[in-house]
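Read the figures in this text as sums done on the coordinates, not as results from a lab. All figures in this text were calculated on a predicted structure; none of them were measured in a lab. Backbone-built Cβ (ideal geometry, glycine too); neighbour counts: all protein chains shown.
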Amino acid sequence: MPAKYHIHIRQVPPRFAPPGKSTVLDWGEGCLRCARCVKEVCPVDAYRKRGFDRTQFVDTIDSMCRDCYRCVQGCPRGLIFKAMNPQYRQLGDDYWTPEIISVTWNQAETGKIPVSGAGYGGVFAGEGFDSFWTDMSEIVRPTRDGIHGREYISTTVDLGRKPIFLAFDDQGEMLVTPSPLLEIPLPVVLAEPSQSADPPKMRQILAAAAQSLGSLALLPRENLGADLLPAAGQLVPMLSADFKDLADPLLAQAPAVEIPDHPGVVAQMEAIKNRYPRLIVWIKVPADSKAPERISALAAAGAEVLHLAGSDQARGLGDAAQLHLKDLIRRCHLKLVADRRRDAVTLLAGGGIALAEHVAKAIICGADAVMADIALLLSLECRFCPECGPEATCPIDLGALNVKRGAQRIVNLLGAWNNQLLEILGAMGMREVRRLRGEVGRAMFKEDLDKEIFAPLFARPEGETRRAGE
């Protein structure tokens, strides 16, 4: 059993005041000048500490207020109001919602699991990862607690090709040489986001975070300069389809490389493996309708790690754009199972992994591990502006962010994700995350419940007609 994995959390305050979900409207006209103003009894002393941030043109009370509404309810003239902050509502988009962004900021700052004292007030079913629930029947067993160390729970996963069976000769020697395996301590690989105001700085931060976490960072080979070579042992260079420079010194230092799927990908993979037998080759397969067949075919051809790549909104690509990533993961997993190749290869899933629960649910659907990208950018206080790019003005000045500070915020975020994963595994009675892969029996899918349980309940007996008004 591997040694217990510990992520070193250290609080990193934000450089900029985050937009609060609500804003305080404080009217002075009509004030009775009470002997004891409700502002003086604020539990967090927000009114005394408030100021004006000239860099962002915001009242800092919005980020300090904890929405207890004590001042709103206590003012005898009703001069204090709370209203939705328009800056908060403008964050992100339909998928990367303001709620996801603010939760990510909080976890990147504190490294702690977000807790809502008022309970969950949202809907209990949605689309995508919100359309199924995990079985938490073991939560009544308090001894199974991976966070506080009362029972060891492993989050380690292996990347690489595994033999379906072992064969030995008469002397007990193995007849085949096992393929190399790469062990990472948590089932999350860091990847460069599709957008960033300062890509070079983002890559430096990702490399530093991967070193601290003992994980891997997936970065384009053409952008790996001399400044990133000290972290070569944690980097996975992304090679192009026409890459032919097998003398590249980075290939001798990196633990793995990724190549895109193309007609000659098997020959390219074999050429790399012949030169560097211990190098693990990943193949990136677009998450379209052909992905299950293609992934199974590549597994049969000797592929080691297959990366199912979806969109930034956790959707499929091309003709599968209407499908959610979870459905494509399940199809690929089940296709490998049907073809008896599932245990031979590693399946990574990427695109739209936004929350800790997405990690666990993607693994339940059949992935071995996931890719995190946009969420890592958000952890650096990114506002996810629609016009983001190297030519745009960045409101958080990403280029001025200290690499060590940025890396620690990513470490904090994944520390919070890791603790939530331990909570899920403990509540499900599992001692290692490997057992969670494809464990759909420990999950309830809304579409299955609607079809198998609720549809028959509301079905009309044969021959019965609908009455007027129904």
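Quick notes on this one:
- Only the Cβ atoms of Lys and Arg (+1) and of Asp and Glu (-1) were treated as charged; on that basis the dipole of region 1-84 about its Cα centre amounts to roughly 280 debye.
- A straight line joining the Cα centroids of region 1-52 and region 325-377 runs 38 Å.
- Taking every C-alpha pair closer than 8 Å and separated by at least 6 residues, the mean separation divided by the residue count of region 271-325 gives a relative contact order of 35 percent.
- Looking at region 49-118, the trypsin sites (Lys or Arg not before Pro) that sit in a DSSP loop and have at most 10 other Cβ atoms within 10 Å of their own Cβ are 54.
- Using just its DSSP H runs of length 4 or more, each adding -39500 (n - 2.57), the chain gives a mean residue ellipticity at 222 nm of -7500 deg cm²/dmol after division by all residues.
- The GluC sites (Glu not before Pro) of region 19-110 meeting both criteria, a DSSP state outside H, G, I, E and B (loop) and at most 11 other C-beta atoms within 10 angstrom of the site's C-beta, are 29.
- Pairs of Cα atoms nearer than 8 Å and 6+ residues apart set the relative contact order; for region 22-90 it is 48 percent.
- Where N is the number of residues in region 313-470, Cα Rg divided by 2.2 N^0.38 Å: 1.41
- Interatomic Cα distance distribution for region 157-449, bins of 5 angstrom, percent: 1, 5, 12, 15, 18, 17, 14, 9, 5, 2, 1, 0, 0, 0
- Pairwise FRET efficiency - residue 25 versus residue 405, Cβ, R0 = 41 Å, nearest 0.05: 0.75
- Look at the dipole of region 157-449 built from charges on Cβ: of 230, 384, 296, the Cα furthest out on the positive end belongs to 296.
- DSSP beta bridges in the chain [antiparallel fraction, %, rounded to 5]: 35 percent
- Here residue 451 is the anchor, and the lysines within straight C-alpha reach of less than 19 Å, apart from those fewer than 8 places off in the same chain, are 326.
- Set of aspartates and glutamates near residue 201 by C-alpha distance (under 20 Å), chain-local residues within fewer than 8 positions excluded: 109, 192, 222, 227, 373, 381, 387, 391, 397
- Unit charges on C-beta of K, R, D, E only; dipole of the chain, Debye: 1380 debye
- Rounded to the nearest 20, the size of the Cβ-charge dipole of region 358-470 about its Cα centre is 400 debye, with Lys and Arg at +1 and Asp and Glu at -1.
- Considering only 394, 159, 137, and ranking their Cα positions along the charge dipole of the chain that arises from unit charges at the beta-carbon of Lys, Arg, Asp and Glu, the one farthest toward the positive end is 137.
- Candidate cross-link partners of residue 335 among the aspartates and glutamates, defined by an alpha-carbon separation under 13 Å and a same-chain spacing of 8 or more, comprise 293, 327, 343.
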